[in-house]
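Working notes, beginning with the structure itself.
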Amino acid sequence: MINIPKGTKDVLPDGSYKWQYIEETARGVARVFNLSEIRTPTFEYTELFKRGVGESTDVVNKEMYTFEDKGGRSITLKPEGTASAARLFIENGLASSPMPVKTFYITPAFRYERPQAGRLREFHQFGIEVFGSDSYQTDAEVIFAASAFLDKLGVKTKLEINSIGCKVCRAEYNRALKEYFKSNLSQMCETCRSRFEKNPLRILDCKEERCKKITVSAPSIIDFLCEDCSEHFEGVKALLDNQGLEYTVNPRIVRGLDYYSKTVFEFVSDAIGAQGTVCGGGRYDGLIAELGGSPLPAIGFAAGVERLMLLMENTGVKFPEKQKVRIYIAGMDEKTRAKAFEIATELRLKGISAEIDHLNRSVKAQFKYADKLGAEYVAVIGENELLSGEINIKNMSDGTQTAVKFGQIETYLK
Ligand code: ATP
Ligand code: MG
């Protein structure tokens with residue numbers, strides 16, 4: 001017996017409706033926000049993520065599934081969706097479309113992490129990316145899209161926002177951070193000690209308790225924002241306020257990935273343990289240029305489907321019921337089974353779900369089976385029914401029976 005790889009999950013026949021529900025909810029939100037779906041390959045050239053996610057990130061440093069293919073190229077299973085979306089945008093010349101270009105995706109993502117609740121090695125993201133607008137309105141719209149998605153699913157989360165400024169304000173802030181962390185360096189984890197040199201901002205994102213403690217009284221980026229970044233942030237907040245969307249400003253949100261600038265945000269829950277962020281996003285005005293396109297602002301988010309599912313299950317959020325079989329048609333012998341087959345096929349072609357026996361069961365056993373399937377209606381075809389051209393359709397929820405002509409079954413069920 002060969003087992004499933006560590007950190008991956010099967011979706012079973014009686015659980016897939018939950019996935020479909022989350023995906024349909026995502027698609028519904030995408031539709032009203034006028035976002036068009038994009039699909040990118042499961043793997044990309046490794047270089048894309050090194051440049052697009054950033055060499056100082058955990059994702060690139062420690063978590064990527066990278067291998068050489070038979071042609072000697074370095075390939076990586078995508079650890080997130082944004083870099084691929086940006087590549088797609090540049091490579092397909094979408095910069096010549098009317099702006100902004102508003103996209104969404106549902107994608108698997110792969111990260112070599114220590115598996116735990118809400119942290120897998122293959123997981124899935126619903127993400128949106130909006131290219132070509134630097135207005136704070138777009139930031140607010142993207143945040144509202146995430147909020148609408150979470151609301152529709154019925155999950156309760158808290159929105160935390162921050163601005164990490166632009167290159168100019170961040171350079172100054174990084175200096176201040178270094179000054180602050182300098183004296184604590186010996187108490188911090190090894191990763192943070194290397195972050196100190198490469199990208200001190202990233203220290204604020206550390207998950208280690210000892211480092212978290214130290215970051216508590218670190219200087220706040222908000223105090224270092226330049227005028228432009230500060231106005232932008234005020235604009236975003238004003239729109240959220242106007243619509244009554246509650247949030248807190250958390251100056252310690254920096255996001256894990258290198259390409260962010262200005263607005264960053266997370267939707268977090270305390271009901272799923274340490275892995276509390278179900279959705280994270282932000283503005284990444286530098287990414288398109290970093291990947292070789294003409295400079296173009298962009299903003300997006302990604303929500304983790306498995307974490308959402310965990311949150312929904314842990315907090316007792318109801319999923320809609322799994323779709324049941326509409327009608328089960330039982331036969332008794334070769335002739336009546338053939339008729340059951342014929343009727344079921346016709347109904348299926350007309351879009352009604354129908355089921356029959358596949359295992360030569362007795363009528364009694366078929367009733368049991370129909371019950372297990374949760375069939376809403378059950379009908380038995382015997383010799384008499386073949387002669388009269390009519391069957392009794394039993395409504396399983398109230399037990400009533402109705403005689404229906406073979407040709408009228410579809411109408412009756414509709
Ligand atoms: P974390 O801080 O939890 O590691 P992250 O900053 O690495 O998250 P992002 O790269 O922003 O996460 O990914 C967006 C979302 O994808 C996260 O908010 C989370 O819901 C989900 N996610 C990220 N990594 C995993 C994982 N290993 N397993 C399951 N879901 C994940
Ligand atoms: Mg992570």
All but one of (1) part of a helix (DSSP H, G or I); (2) over 16 Å from the mean Cα position of the chain (by Cα); (3) closer than 28 Å to VAL130 by Cβ; (4) of a type outside the set (Ser, Thr, Tyr) hold for LYS62, so report the exception by its number.
(3)
Scope segment 49-82; condition closer than 27 Å to ARG27 by Cα, aliphatic (A, V, I, L, M) and more than 11 Å from ligand 1 (Cβ to nearest atom); matching residues:
LEU77
Find the residue count for segment 89-144, including only residues that are within 19 Å of THR40 (Cα to Cα), buried (at least 17 other Cβ atoms within 10 Å of the Cβ) and either among the hydrophobic types (A, V, I, L, M, F, W, C) or more than 14 Å from ligand 1 (Cβ to nearest atom) (or both).
15
Within segment 50-88, which residues are more than 16 Å from ligand 2 (Cβ to nearest atom), open to solvent by 40 Å² or more (accessible area, probe 1.4 Å) and farther than 16 Å from GLY300 by Cβ?
LYS50, ARG51, THR66, PHE67, GLU68, ASP69, LYS70, GLY71, GLY72, ARG73, SER74
For segment 299-414, give me every one of the helices (runs of 4 or more DSSP H) that falls completely inside it and has 2 or more residues that are of a type in the set (A, V, I, L, M, F, W, C) and in contact (Cβ under 8 Å) with a residue 40 or more places away in the chain.
305-314, 334-349, 363-373, 409-413
Over segment 148-185, the set of residues without any contact (Cβ under 8 Å) to a residue 40 or more places away in the chain, open to solvent by 10 Å² or more (accessible area, probe 1.4 Å) and not polar (S, T, N, Q) is ASP151, ALA171, ARG175, LYS178, GLU179, TYR180, LYS182, LEU185
Of the conditions (1) more than 10 Å from ligand 1 (Cβ to nearest atom); (2) of a type outside the set (A, V, I, L, M); (3) in contact (Cβ under 8 Å) with a residue 12 or more places away in the chain; (4) out of contact with any helix residue (DSSP H, G or I) (no Cβ under 8 Å at 6 or more places or on another chain), GLU290 clears all except one; give me its number.
(4)
Give me the residue from segment 250-265 that is away from ligand 1 (no atom under 11 Å from the Cβ) and touching a Lys or Arg at 6+ places or on another chain (Cβ under 7 Å) and, out of that set, modelled with the lowest pLDDT.
SER261
Taking the conditions exactly as written (touching a Gly at 6+ places or on another chain (Cβ under 8 Å), at pLDDT 95 or above and not small (Gly, Ala, Ser)), does THR40 satisfy them or not?
yes
Please go through segment 16-48 and pick out each residue that is surrounded by fewer than 17 Cβ atoms within 10 Å (Cβ to Cβ), farther than 25 Å from TYR112 by Cβ and within 16 Å of ligand 1 (Cβ to nearest atom).
GLU23
Give me a count of the residues in segment 251-290 that are open to solvent by 30 Å² or more (accessible area, probe 1.4 Å) and away from ligand 2 (no atom under 16 Å from the Cβ).
7
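The values are calculated or read from the model by the stated rules, or taken from the named source; none is laboratory data. In this text, all values refer to a predicted model and were calculated from it rather than measured experimentally. Please note: Cβ atoms are built from the backbone with ideal geometry, for glycine as well, and neighbour counts cover all protein chains shown. The accessibility values were calculated without ligands, DNA or RNA, using every heavy atom of the protein model including side chains. Shrake-Rupley method; radii C 1.70, N 1.55, O 1.52, S 1.80 Å.
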